[in-house]
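Structure record follows, encoded as structure tokens.
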Amino acid sequence: MKKLCLILGLICQPVSAQNFSFHPWDDPARVFSFPKIEKKINVTVVTVDDVNKACAEEYKKIGVSVGFSMNSCAVFDLKEAYCKIIMPRKLTMHVLGHEMLHCIKGQWH
């Protein structure tokens, strides 16, 4: 049994040392590639006390029902070059950047 554990330990060690390049969709260090772009987008930024309620109301206006909680949202129409970001009064650069990326790229996660 000790030999089996030693062998398994030696086999598994190199695997655990591998550096896998997995980036979850919300990784703040995730890098995006863009083609050369130059476009004007009308962005409206709104800060609210109840983000979940405000986002649900905004999505309802465009006929989308959301069944999950949100800490921020971006409602966008890239053809019309319109984007509305709803976020809390206290936020991070990560949240603002995440939503702004929706205004530029659309649905990306």
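The values are calculated or read from the model by the stated rules, or taken from the named source; none is laboratory data. The model shown is predicted, which means the values in this text are computed figures rather than measured ones. So basically every Cβ, Gly included, is an ideal-geometry build from the backbone, and we count neighbours across all protein chains shown.
Of all residues in the range 75-109, those being part of a strand (DSSP E or B) and surrounded by 17 or more Cβ atoms within 10 Å (Cβ to Cβ) number 7.
Looking only at the range 70-85, residues that are over 20 Å from Pro28 (Cβ atoms) and within 14 Å of the chain's Cα centre (by Cα) come to 1 in all.
Scan the range 63-103 for residues that are closer than 23 Å to Phe34 by Cα and in contact with a Phe, Trp or Tyr (Cβ under 8 Å, 6 or more places away or on another chain) and the total you get is 9. Here the range 47-74 is the region considered, the condition is being surrounded by 13 or more Cβ atoms within 10 Å (Cβ to Cβ) and either among the β-branched types (Val, Ile, Thr) or in a strand (DSSP E or B) (or both), and the residue that is modelled with the lowest pLDDT is Val66.
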